[in-house]
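Here is the structure we will look at, set down as structure tokens.
The values are calculated or read from the model by the stated rules, or taken from the named source; none is laboratory data. All of these numbers come straight from a predicted model, not from anything done at the bench. Cβ sites come from the backbone with ideal geometry, for glycine too, and all protein chains shown count toward neighbours. These area figures cover heavy atoms from the full protein model, side chains too; ligands, DNA and RNA do not enter into them. Shrake-Rupley method; radii C 1.70, N 1.55, O 1.52, S 1.80 Å.
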Amino acid sequence: MNVTLVLPVILGWISGWFINYVSDVLPLTRRFSQPVCAHCQKPFSWAEYLTLRRCQNCGKPRSLRTWLVQILTTVAFVYFWLFPSKALGIPLGMLVLVYFGIITVIDLEHRLILHPTSLAGALLGLIVGTSIHSRADGLLLGAGKSILGGLFGFGVMLVLYLFGMLVARYRARKMQAEGKPPDDEEALGGGDMYLAGVLGLMLGWPFIWEALVLGVLLGGLISFLFLLALLLRRRYFSEALMTFIPYGPYFIIGAFYKLFL
Ligand SMILES: [Zn+2]
């Protein structure tokens with residue numbers, strides 16, 4: 001093994017801790033609080049938490065996600081250390097990886113795009129987008145392209161969001177007619193607007209366009225397969241409209257593809 005890979009392994013493992021920690025505490029307490037056991041809520045000591053030990057109170061092991069994040073982050077750091085993103089380089093690339101990790105885990109587990117992570121992402125996005133575009137266009141025009149990409153991403157999703165509200169209203173009426181209580185399910189989460197805005201800043205104009213199309217196509221394909229499975233099980237009509245489409249992870253895949261591959 002190449003001895004220089006020790007550094008990305010260590011950085012990757014530390015970044016895995018950070019992604020896990022933020023994903024554990026931010027959705028629950030909205031601040032950087034002491035991490036607690038997901039099963040019995042007893043606070044972990046930092047030594048227990050960082051060594052990934054099972055809870056000393058209830059004996060439950062740490063989640064599979066915790067281990068997956070540690071391993072995948074470390075592997076990704078080593079890979080992009082050896083084959084860095086041409087657009088980002090190594091340091092910015094690692095920051096973006098950590099950011100994508102946090103957004104993906106929180107979105108998958110809680111269907112949430114949090115405002116603090118969107119705000120931090122906007123700052124990172126502006127730096128990344130400006131750095132990508134200023135190489136060819138100079139600093140001012142580069143920043144302009146980043147901001148234009150952000151406005152475009154946010155604007156497109158705002159239109160889709162408003163359309164989703166119409167669908168949700170139709171659905172609520174349908175559920176009322178069937179005598180079911182209404183819920184607050186949205187076809188497209190409002191947080192996806194902010195995420196698309198952040199990714200727009202990162203990629204800038206016109207790359208955000210391609211990343212969004214890629215994300216929507218991929219999300220649509222997976223949703224279509226999902227609906228097909230429901231249809232085959234003859235549950236289409238009652239469940240088809242109740243299926244939330246979490247576009248966030250698909251947008252991240254689209255942006256990841258554009259930035260890293
Ligand atoms: Zn416990």
- line: With residue 57 itself left out, Lys, Arg at +1 and Asp, Glu at -1 over residues whose Cβ is under 12 Å from its Cβ give +3
- line: For residue 36, the residues 5 or more places away or on another chain with a placed amide H closer than 5 Å to its own amide H are 44
Sequence-distant residues sharing a close amide H with residue 55 (under 5 Å, placed H): 60, 62
statement: In segment 1-79, the chymotrypsin sites (Phe, Trp or Tyr not before Pro) that sit in a DSSP loop and have at most 13 other Cβ atoms within 10 Å of their own Cβ are 32
- prompt: Hey, got a sec? Which trypsin sites (Lys or Arg not before Pro) in segment 1-94 land in a DSSP loop and have at most 13 other Cβ atoms within 10 Å?
  reply: 30, 31, 53, 54, 86
- prompt: Remind me, what semi-axes does segment 6-126 give for its equivalent ellipsoid, largest first in whole Å, using sqrt of 5 times each Cα gyration tensor eigenvalue?
  reply: 26, 18, 11
- request: Please work out how much length the chain gains when fully extended from residue 83 to residue 13, using 0.36 nm per residue of separation minus the C-alpha to C-alpha distance, in nm with one decimal.
  value: 23.4 nm
- line: The summed charge of the residue 66 Cβ neighbourhood (under 15 Å; Lys/Arg +1, Asp/Glu -1) stands at +2
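Can you give me the accessible area per residue for segment 1-128, using a 1.4 Å probe, in Å²?
I get 55 Å² per residue for segment 1-128.
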message: Give me log10 I(q)/I(0) at q = 0.13 Å⁻¹ for segment 99-213, Debye formula, one equal scatterer per alpha-carbon, no solvent.
response: -0.56
message: I want the local charge near residue 249. Using Cβ-Cβ distances under 13 Å, sum +1 for each Lys or Arg and -1 for each Asp or Glu among the other residues.
response: -2
Hits among lysines - C-alpha to C-alpha of residue 258 under 18 Å, sequence gap 8 or more where chains match: 86, 145
